[in-house]
Structures are given as C-alpha cells and as structure tokens.
Amino acid sequence: MAKRNTVGPASVGDFGSGPWAAARDLIDAPAGSVNIAHEAVDRHVLSGHGGDRAMLWLGKDGTRRDLSYADLADAAARFAAVLAAHGLTTGDSVFSLTGRVPELYAAALGTLKAGMVFTPLFSAFGPEPIRTRMEIGAANALVTTVPLYKRKIAPWRDQIPSLKLILIVGDEAPEGCVALGPAMAAASPDFETVRTGPEDPALVHFTSGTTGKPKGVVHVHNAVLYHAFSGCEALDLTPGTVYWCTADPGWVTGTSYGIVAPLVNRVMMIVDEAEFDLERWYATVERERVEVWYSAPTAIRMMMRSGAEIADRYDFSSLRFLASVGEPLNPEAVVWSEKVFGRPFHDNWWQTETGGIMIANRPGSTVKPGSMGQAMPGIEAAIVERTDGHLRTLGDGEVGELALRPGWPSMMRAYLHEQARYDKCFLDGWYLSGDLAMRDGDGYFWFVGRADDLIKTSGHLVGPFEVESALIEHDAVAEAGVIGIPDEAAGEIVKAYVTLNPGFTADEALERDIRGHARKRLGPAVAPRAVVFRNTLPKTRSGKIMRRLLKARELGLPEGDISTLESDET
Ligand code: ATP
Ligand code: MG
C-alpha cells in the first residue's frame, strides 16, 4: 500500500509569488500536497475528462494506439502498485531504459504517483553510460526491455547493490527480472497517490554532456506549477490541442514538455516511437492535424537540407505554433520555416537545470530571427560579468553571461553528489547559466555561445553561433561547427567543420567559396581561416553539436566524457 511521505505537507504559500502562482488554478494541489502524476492525469479524470484523448502512440511498425486520460491514470496506478508490491517505497529511485513506448509514460507517471523519483535514460546509451548514471542515481528499480537488458544491463547488474527490481516491458522476462505486462494486469488500479510535498524530489535528469561529464539534476514536484504555466504561456498548450514534442524523455525536454506540461494542460500528445524520418514526420503532421510542434534545430536543419520541394507535397495548414529548443536556431532556419510551414519556428532557451522555458519567442510576439526571445513573465534575466568575485550587471548590447534570479518552481534543487559544483552556479543572488548572450533594447536575448566555446582571435571575442549561422546561409552548407585553434600570432584562429547539402562536391573550389562568403558576411577577423568538410558532425543524443570534441580531436587531446555521443565518424 502507498506509504505517506515523511516530508510535511505544503502550504499554498510555497507556490511562490511569480505570475505562475496565478497558474495555481491550472493545478489542483489537494490539501497542500503536490504530486505531478495527480496533476497530469488523475485530476482530469476526477473532473470528468477521463475520456479525453491523452496520447496517440505511433509505433515504428505503423501501429497506432489511442490512450485516454483514464487509460493513462489506470496504467500509472497499476505501475505504482507493482513498485509497491516489490517493496519499493517513497523516495526510491526508478530508472527507465526503453524506447518511446506507452509503458515508458506509464512508468514515469506511476513512479511519481508512488512518490518515487524518476530518471529516464536514452535507450541508445551504451552499457557504461547507463551503469554510471544508475550508480550516481543509486537506482532501486529499472524498467527496460529484454534485448536492452541482455546487451546492456545483465553483464554488470550485480555491481549495483541498490538495484532491487528490474521490470521488463512485455509478457516475458529473463531470470531475476519481472515481466511488466502480467504484473500490471494483476495489479490494482486503485493505488492511492502519495501525498508528496512541493519540495519532495520527483525527477532526476542528466544533462546532455555537451561540455563535459553529465550532471544529475534534481527537480521537485512543485515544478509542475511552472510546467503548467509555461506550457500555456510559451507553447500555447490548451485543452484538446494536438501537440507533438519530438524529444525523447531521455532528454529533459522530452519530460518537462513531452510528458508533464502537455498532460497538465490536458492536450492530446503525439508520441512517435520512430527516430527522425523526414517524410514520416511530414505525413504525421498532416494526417494527425498537429497544431503545436516542439522540436530542435538539428531536426529543423535536416528538414532544410532535404529541401522545400518534399515539404510542398504536404498540407501543414493545421500548424498554429512551432517552437525549437536545445541549440541556437540559426536565423536561416526561422526564415525557411516561415516559407515552408507558413509559420516561423519560435526559438526558446532553457537548460536541464532550469527545468522549464526561461527565454522565449512567445505566441503572438514578434519573432526576431536568430534571437532566443524575451524573458518569460516572472523570470528576471540579466547579462552579467564576474569581476573580483562579484557580479556586475551589463547594459543592453554588451556580451556577458546569462544569469537568472532564482525562485521559479522548476529550478533545480541539487546536482546529485556535487554540492560544490551546485554552489558555484550561484553568486550575489543570481543563478549563472554558463552561456554567453546579449540583450537588445527591446529585451530580446541573443545567444553568443557557451562560455567554454568562446573564441579569442586577434583581440576579438567570437561566438561560434554567429559564424555557424553565416556559414549555413551558403547554399552548399547544411550544418556547421566552429571552434578556436591555438595560434601564436592571433591567440586562436577560427576553424569550421561543415556538412554539405545534397548535390555539392567537397573540393578546394567550394572551400574557397565558403570562406569567401563568410569573409563577406563577417569580415576577415571573424571569418574562419579553414573550412573542413565532414559527412557528419559529432553530436549528443539530444542533437547538440559537440564542439569540445571537434576541438579535442583537432588538437589530439583526450576526448573526455563521450557517454552521450551519438555514433559519428571519427
Ligand atoms: P552539459 O551541461 O552536460 O554540458 P547541456 O548544457 O547541453 O550539457 P542541456 O541542459 O540539455 O545540457 O542543454 C542546455 C544548454 O543548451 C544551454 O545551456 C544552452 O547552451 C543550449 N541551449 C538550449 N536552448 C538553446 C537556444 N534556444 N539557443 C542556444 N542555446 C541553447
Ligand atoms: Mg549545461
């Protein structure tokens, strides 16, 4: 049976005083407790919306499955009951390692309902990244599949003493594991939601590992208030909206805006098991009449690469709002999407640490191509500089570190086992993001680069984004990754790695032409001195270009943590 949480109940005052407090009526929070699963599904069932469509699942093989809010609530309750029946208790840690299957969503919601902490991992991770993350998170249970278990877990399973339970999706399980299908069928659907307090841990997410070893970021149940708020403010999610977030829950976007925010706002979400496939995506938008689409620059650049002609064959008239996150969205991509989809992609910025969207081109606001948009209502953002152990706020037009005033509900509460690193993120009452940006006179923020990626060349500070955006304006260039290479005379010189659009040949003449184009756009000081052609660029599983890896390889240095690297050519 469900155990009561030991942490005391919350008072409504704990929801804070930002404009999201007004979103209090988007959530229920019965008697001062807050539980994400209750807000995401049970509340809708209780208010008579159990029959509303919650999810349309599209299997890789063409299977379609509709799940209502009542179906999801039932599955979550049964999953919670299975955990409890195997002796897991409030605060225990449950990991998932599966593709985007309905059981993953039941596991996320069921874990939260049981007052336990959920950590989704990308199923494509290799055995070692999985093991280290499960060690860091002291996993007590894991949900996975037979092939993933055999290949990636079985060899080291005994080395994680905390791991008590392995649930296997489907009807059969290897020895020492439990088959989830029969266990859920036998479980009671009446599991009583654990009355978690607002500050009780709910989710641990690992960062993308773009800049180094991934960090385990802790989020609490109260985050749901900000998810409810930002889901409607930044993504225009309203009850019944047909919404497709293309991110995998192994990346924070796929949980905050691929599970919590959409369900709390009672939308109908599309979940596609398959990976990116241009025509499949276009056909899905057309057939399912997708209204709000949340994706990432890497996918958008792939769409651009395949040209507008394919897109012209589809009907995109259902789309009313498009958004992008995860990497800088090149202005070219915004202009392209306006042409092809009739609407621009709206860039927004946030991090695993912030748990929710902080800076956004919101619905109805003017989009400035190349800008991440304005601070969300209630979010105080500034550009700062560290001097003598303190922060100085910079003026409009100056480049510095993007800082946020803490206090919104989805802010991280810890880096697991890394207190000193966590403490270093805060100074003089600000949270420091580690990203460099500039704010213009209209309050729009412009991404310059990650602090680690900044290039210092002949007295100029160069952000890779500016150079990459100029490069992809060239007809031949599909994607670009720009780094600084040490140079005696200039300090560093700018070097670019590019992939090409179909129909172009990687030769010297093209290299010269691309450099010439960049020089015209950026001037000789900033334009890359060398352009190298590649078939692919090294990227994280969430689709981010790993500039630190381009640099390490260029300089023959150790590659560092590459646990999140998607397979690439080396
Ligand atoms: P790690 O912290 O492990 O190096 P990561 O920072 O890539 O990985 P995430 O939390 O997934 O992990 O990504 C957040 C980062 O992604 C931001 O700090 C920023 O650098 C980048 N980012 C996200 N959205 C945008 C955007 N709209 N424009 C530019 N950069 C973005
Ligand atoms: Mg980061």
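The values are calculated or read from the model by the stated rules, or taken from the named source; none is laboratory data. No experiment lies behind these values; they were computed from the predicted model shown. Every residue, glycine among them, receives a Cβ derived from its backbone with ideal geometry; neighbour counts consider all protein chains shown. Please note that ligands, DNA and RNA were not included when accessible areas were found on the heavy atoms of the full protein model with its side chains. Shrake-Rupley method; radii C 1.70, N 1.55, O 1.52, S 1.80 Å.
Across the range 251-330, Cα-Cα distances exceeding 20 Å account for 33% of all pairs. Heavy-atom accessible surface of the range 19-379, averaged per residue, reaches 31 Å², computed with a 1.4 Å probe. Note that the range 3-154 shows a convex hull volume over its alpha carbon atoms of 147 Å³ per residue. Give the separation of the Cα centroids, the range 224-277 to the range 142-205, in Å. Centre-to-centre distance over Cα atoms comes out at 24 Å.
Note on Met304: accessible area is roughly 40 Å² with a 1.4 Å probe, heavy atoms of protein only.
For the range 167-278, the share of accessible area belonging to carbon and sulfur comes to 49 percent (1.4 Å probe, ligands and nucleic acids excluded).
The antiparallel fraction among DSSP beta bridges confined to the range 454-567 stands at about 80%.
One quarter of the surface of the convex hull around the alpha-carbon atoms of the range 416-518 equals 10.7 nm², the direction-averaged projected area. Only beta bridges with both residues in the chain are counted; by DSSP, about 60 percent of them are antiparallel.
Amide hydrogen proximity for Phe125: with H placed 1.01 Å from N in the peptide plane, no residue at 5 or more positions away or on another chain lies under 5 Å. Can you give the angle from 0 to 90° between the axis of helix 127-136 and the longest principal axis of the chain, with both taken from C-alpha atoms, to the nearest 10? Around 70 degrees separate the two axes.
A 1.4 Å probe, protein heavy atoms only, puts the accessible area of Lys495 near 40 Å². The helix-based estimate of mean residue ellipticity at 222 nm for the chain, built from -39,500 (n - 2.57) per DSSP H run of four or more residues and divided by its residue count, is -7000 deg cm²/dmol to the nearest 500. With a Förster radius of 45 Å applied to the beta-carbon distance between Asp423 and Arg320, the computed FRET efficiency rounds to 0.55. By accessible area, using a 1.4 Å probe on protein heavy atoms only, the range 454-567 has 49% of its surface on carbon and sulfur.
Accessible surface for the range 454-567, divided over its residues, is 45 Å² per residue with a 1.4 Å probe. Short-range pairs are left out: with C-alpha atoms under 8 Å and at least six residues apart, the relative contact order of the chain is 12 percent. Exposed loop sites, defined as GluC sites (Glu not before Pro) outside DSSP H, G, I, E and B with at most 10 other Cβ atoms within 10 Å, are absent from the longest region of the chain, namely 176-487. Sequentially through the range 225-235, phi angles give Karplus couplings (6.51, -1.76, 1.60; θ = phi - 60°) of 5, 6, 5, 4, 5, 6, x, 7, 6, 9, 10 Hz, Gly and Pro residues having no value and appearing as x. When Rg and Dmax are taken over the Cα atoms of the range 19-379, they come to 19.7, 58 Å. A straight line joining the Cα centroids of the range 48-88 and the range 333-409 runs 35 Å. Element breakdown for the range 77-166 at a 1.4 angstrom probe: carbon and sulfur atoms account for 56% of the accessible area.
The Stokes-Einstein estimate for the range 469-535, based on a Kirkwood radius over Cα pairs and taken at 25 °C with 0.890 mPa s viscosity, is a diffusion coefficient of 205 µm²/s. With θ taken as phi - 60° and the Karplus curve 6.51 cos²θ - 1.76 cosθ + 1.60 applied, the whole-hertz 3J(HN,Hα) list for the range 245-260 is 9, 7, 6, 7, x, x, 10, 3, 4, x, 9, 4, 10, x, 9, 5 Hz, x standing for glycine and proline. Inter-part distance, the range 502-542 to the range 462-478, computed on C-alpha centroids, equals 8 Å. Each listed q (0.09, 0.16, 0.19, 0.23 Å⁻¹) maps to a log10 I(q)/I(0) for the range 454-567, found by the Debye formula over equal Cα scatterers with no solvent: -0.23, -0.72, -1.00, -1.34.
Our Cα-only numbers for the range 292-403 put the radius of gyration and Dmax at 16.3, 59 Å.
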